[in-house]
Amino acid sequence: MGREDSHYRPEEVAGRGSQRPASGGATGRVRVPGAHPSDRSPAPAPPPVAAPMSALPVGAGPAAPPAPPRRRRLLPVALLAVVLLALAGAAVVIRPGPVAGWFGDPAAAPSTARTPEPDPVPVLAGPDATAPQPTPDGVRAAIEPLLGQAVLGSRVNVSVTDVTTGQSLYARGGDDGTVPASVTKLVTGVTVLAARGPGHRIPTRAVAGATPGEVVLVGGGDPTLAVNGDGFYPGAARLDTLAKQVKQALGGTAPTRVTVDSTLFPGPVQGPGWDDDIPTGGYGASITALMTDGARRDPATARRTFDDTNGAAVRFAQPDLAAGRAFARLLGLGDDARVGKGKAPAEAGGSTGAAPAPGTELGKVESLPMIRLVDIMISDSDNVIAEALARQVALARNQPASFAGGAAAMDAVVAELGLPADEIRLADASGLSRQNLISPSLLTDLIALAGNGRHPELAAIFGGLPVAAWSGTLGGRYRVAATRAGAGAVRAKTGTLTGVHSIAGLVTTAEGRLLSFAVLTDRAVGDTDPTRQALDRITGALASCGCR
């Protein structure tokens, strides 16, 4: 079945978010011409906006001296910003001002194999809370005439909320569950940040097996784990680092076999409502507790061709065994090494002779911090990371690390945050499933909660949000006359399935007021590009008016 007619219609990603340098501030994914080697000759022209966005509101804090009054089209910079730093030859690491201390000493011990984290740059002033607030009548007048565009189909559900006050400014089907597609990832990001915290890292361990010479590779659920330095995700933990630790721990004893323990995720490996080809066909994977490079068979090629292939890459059918075979080769066991599945022995109580006792930890590597994983998930719309992070929510809430357990745990965290849990029903965390239903009002309340400063730990969702006419899935949008008002002023997560189009995020009005919005249609009848342009006209209308 061709992708154009299949259940899932992939989103277009303009530039690999997790690979590109970024300007400082919570906007994160603004691409600086000339900063990336591929940009330098010739340098691409900037999008038709006044200046690149630098940040988004992520928390409360002291404001900088007031700037002269302005009617702007760009999103305001942050009070306490999630900082994205571009380092020459290094991975991009983000770190929010108010939680910088949660990451500990950046000079990590060798056994953790952490990527060093640079110090944050100074934060800037946030949005003007005194900017005139739009009125419900003003918002209605701006967007309601656009909701009847034929390509949007018979059901267009909308919510618009003022971020500062939390007041609902417009709702049409606001409480109605609607198929959200990849906009689901906003809920995934917020719930995992609430449950695990921005500084949490996912471990991958190696322990001594039950028999002499056996090494058990224990998956902790890190989907970004790489085999070596040529992995897909910059700065990821690496199996070659772990192999060196194991060899050192074993001294002169040579390993004889590798067993993989991926029992942390009990299965199933495929989500409810997924197309049969999703686990191997390029836009998803079999979700196991142990995998490398999001289960991609050829991560180096996938990284180089990400833009041309829209992020698709063939995946391993059994990612855990593939990771085990790669680890065996790194330990010197060869391509024909015995690799099987099993359970790691219980933690060792002591050694037996020269060999480590069964269960003795031989090494450990840890993922990038959770804040960075959330950023990659949102900026690249990474379905595999989304499903892995949902299982982290499940583990934090004592639920099975499965599709059902992740959904139940995410529902619970939504309720803990004071959001209407009766307006969400999840089957997966990526949005690949049509069984997901989320109301527009829940989305705008969730976005406002993350941006109003009372929950700074949730603000990492803004680091990866695409910028209209600039980055990610919005990089090629908002560039025609009918939508250009939103260029640089809209920052949002998009979602696409066949017949489903969604967009949810933040927009700054012409008078500087920050609003959260969600526009979801799950009965669209038009082609993809006209339908997306219809959504962009709606959000662009919010950017172009004071709406009073």
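Where a number appears in this text, it was derived from the coordinates with a stated rule and is not lab data. Here the structure is a predicted model, which is why all the values come from computation and not from measurement. Note that each Cβ is placed from the backbone with ideal geometry, even for glycine, and that neighbours are counted across all protein chains shown.
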Separation between Cα centres of the range 455-477 and the range 122-198, rounded to whole Å: 14 Å
Mean projection area, nm², convex hull over Cα of the range 203-367: 9.6 nm²
Rel. contact order, % - alpha carbon contacts under 8 angstrom, at least six apart, the range 203-367: 34 percent
Kirkwood Rh in Å, taken over all unlike Cα pairs in the range 478-536: 12.1 Å
Amide proton proximity set for Lys341, modelled H, under 5 Å, gap of 5+: Val260
Per-pair calculated FRET efficiency, R0 = 30 Å: Asn310 and Lys244 via Cβ, rounded to 0.05: 0.25
